[in-house]
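What follows is calculated from the coordinates using simple rules that are stated; it is not laboratory data. This is a predicted model, so every value here is computed, not measured. Cβ atoms come from the backbone with ideal geometry, glycine included; neighbour counts cover every protein chain shown.
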Amino acid sequence: MPTPCAALGYAMGTEIDVVIVSWNVAELLRGCLATLTMPETAALVGQVIVVDNASSDETLTMLAREYPQVKVLPNRENLGFTRANNQALALTSAPYILLLNPDTLLKEDALLLMLDALRAQPQVAVVGPRLVYGDGSPQPSRRRFPTLAMALAESTPVEWHLPNNPASQRYRMADIPDDRAQLVDWVTGACMLVRRAAMEQVGVFDERFFMYSEELDWCKRFTDSGWQVAYQPDAMVVHLEGASSSQASAARLVRFNTSKVLYHIKHHGRLRGETIRLALLGVFASEWLLEAAKWMLGHKRELRASRMRAYGGVLRSGLRHV
C-alpha cells in the first residue's frame, strides 16, 4: 500500500514549496500533513520540508514511517521558530512558499484560492487565509500594525481584564467584516503563502525574534518595501491554536513580550521600545502583587502561585532581548 504522501508529487519546480516547523506535536503534524495529500492541494505542491526542533516525542519516527518523501531537517536543539523556518526557506525553490503551523488543517481548496489571490495581484507579497478554531468559530487573523496602546494591551493583564477594549478591537480589525477579500497590514503566521520574488528582495525572517512578532516584522518589511499583504476569506484553514505552543507558558509570556519590545525598537526607535518595556514591567509587577494578595487570602492558591511564577519570570527577564 502506498504511503499517505504518495499523493504528493514533490516534483521540484512546481508551484509551491511547504515549510513546517514542529516541536513535540507528532499527532498534530500527522493531521496537518494529511491535508496536503488532498488532490486539489497535492497538485500544487513541490516539496514539503519539516524542521523538527529537537522533539522528544515520536515526530521523527512518524515522519520516517508515514511520510518518507517529506524532507526532514532534525535539529539537535530548539533553535526557535525563525531560525528553523530560515533553515527550510534556504532549501526552497518554488515561486511560492507556504509557511504552515503543524496545528493547522487546510480545507480542500484553501491553497488554490490563496495561490489565485497572489497570481491576480502581482503587488502582493503575502496572502493569509480565514482561520477558524477547531469548533469552526472564527479566529481573528487580520491585523493592523500595533499602536503604542496596543503594545501595552496585547497578551497582558490589561487585555485579559478588558478583552473588548477599543485598541484591541481596532488592532484585530473588528470594524471591517472578515468575509471580504481585502488588503491588510499583516496576517498571523499560522498559514502564510509568500511570493518568492518578494522574499528575495526583503530577506527571510529576522532571527533575533526567537518566536512571536516575526511575521509582524516580516510583513512590516514587505510593506515598507512597497509590497502589499492580502487576506483571502474564501480560503479556510483550521488552526488548533495553542496546541503547538502551549508548552512552557511562562517562557512563552516572556518571549511574546520580549519580541514585542524588539519589534518597536526596530521599527519605531529605542525610546518607544524602552517606554513599552518599562510600562509592561509595571503592568506585570502590579499583577504579581494582586496575585500575591489573593494567595495570602487563601483564594485558589495553586492558580495564584502559578501566575506569580509566570509574572515573576517576566519581571526577572526584564524583557530585554539577549
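Can you give the Rg to Rh ratio of the stretch 249-317, both from alpha-carbon atoms, with Rh computed by the Kirkwood formula?
Rounded to two decimals, Rg over Rh is 1.09.
Can you list the HN-Hα couplings for the stretch 277-289, worked out from phi with the Karplus curve (6.51, -1.76, 1.60; θ = phi - 60°), rounded to whole Hz and with x for Gly and Pro?
4, 5, 5, 5, 4, x, 4, 6, 5, 4, 5, 4, 5
With a cut-off of 8 Å between alpha carbons and a minimum separation of six or more residues, what is the relative contact order of the chain in percent?
Once normalised by length, the contact order is 18 percent.
Quick one: net charge around GLY189, please, counting Lys, Arg +1 and Asp, Glu -1 for every other residue with C-beta under 9 Å from its C-beta.
Once all neighbours under 9 Å are counted, the net charge is -2.
Kindly write out, for the stretch 229-235 in residue order, the coupling ³J(HN,Hα) from the Karplus curve 6.51 cos²θ - 1.76 cosθ + 1.60 (θ = phi - 60°), rounded to whole Hz, with x marking Gly and Pro.
Once θ is set to phi - 60°, the couplings for the stretch 229-235 become 10, 10, 10, 10, x, 6, 8 Hz.
Counting other C-beta atoms within 10 Å, and keeping those with at most 11, which DSSP coil trypsin sites (Lys or Arg not before Pro) do you find in the stretch 166-222? Before the final figure, lay out the partial values.
Working: sites: ARG170, ARG172, ARG180, ARG195, ARG196, ARG208, LYS220, ARG221; in loops: ARG172, ARG180, ARG208.
Within the stretch 166-222, the qualifying trypsin sites (Lys or Arg not before Pro) (loop, at most 11 other Cβ atoms within 10 Å) are ARG180.
Using amide H atoms built in the peptide plane, which far-off residues or other-chain residues are under 5 Å from SER55 H to H?
ASN24
Distances over 27 Å make up what percent of all Cα-Cα pairs in the chain?
Result for the distance tail: 45 percent.
Would you mind counting up the charge near TYR133? Only other residues with Cβ under 14 Å from its Cβ, with Lys and Arg at +1 and Asp and Glu at -1. Before the final figure, lay out each step's value.
Working: positive: LYS107, ARG130; negative: ASP103, ASP135, ASP178, GLU241.
Neighbourhood net charge equals -2.
Please turn the phi angles of the stretch 255-268 into ³J(HN,Hα) values with the Karplus equation 6.51 cos²θ - 1.76 cosθ + 1.60 (θ = phi - 60°), one per residue in order, whole Hz, x for glycine and proline.
Along the stretch 255-268, the couplings run 5, 4, 6, 5, 5, 4, 4, 4, 4, 5, 4, 5, 9, 10 Hz.
Please list, or write none, the lysines whose alpha carbon is within less than 25 Å of the alpha carbon of LYS220, excluding same-chain residues fewer than 8 places away.
LYS260, LYS266
Just add up the charged neighbours of TRP160: K/R +1, D/E -1, any other residue whose Cβ is under 14 Å from the Cβ of TRP160.
Working: positive: ARG307; negative: GLU154, GLU159, GLU287, GLU291.
Net of charged neighbours comes to -3.
Taking amide hydrogens as modeled 1.01 Å from N in the peptide plane, which residues meet the under 5 Å criterion relative to GLN232, leaving out close sequence neighbours?
Sorted by chain and number, the residues that satisfy this are GLY128, ARG130.
Sort out for me the Cα centre separation of the stretch 184-258 from the stretch 130-175, rounded to whole Å.
That distance is 15 Å.
Mind jotting down the three principal axis lengths of the stretch 102-177 based on Cα atoms? Whole angstrom, largest first.
40, 32, 24
Name the chymotrypsin sites (Phe, Trp or Tyr not before Pro) in the stretch 96-169 that are in a loop by DSSP and that have at most 13 other C-beta atoms within 10 Å, would you?
Here the chymotrypsin sites (Phe, Trp or Tyr not before Pro) that fit, given the DSSP loop and packing criteria, are TYR133.
Please work out the Cα convex hull volume for the stretch 44-163 and give it in Å³ per residue.
On the way: hull volume 22.2 nm³, N = 120.
Normalising the Cα hull of the stretch 44-163 by residue number yields 185 Å³.
For VAL124, which sequence-distant residues (separation of 5 or more, or a different chain) have an amide H within less than 5 Å of its own amide H, given hydrogens modelled in the peptide plane?
Correct list: GLN228.
Using only DSSP helix segments of four residues or longer, with each worth -39500 (n - 2.57), what per-residue ellipticity at 222 nm results for the chain after dividing by its residue count and rounding to 500?
Rounded to the nearest 500, it is -13000 deg cm²/dmol.
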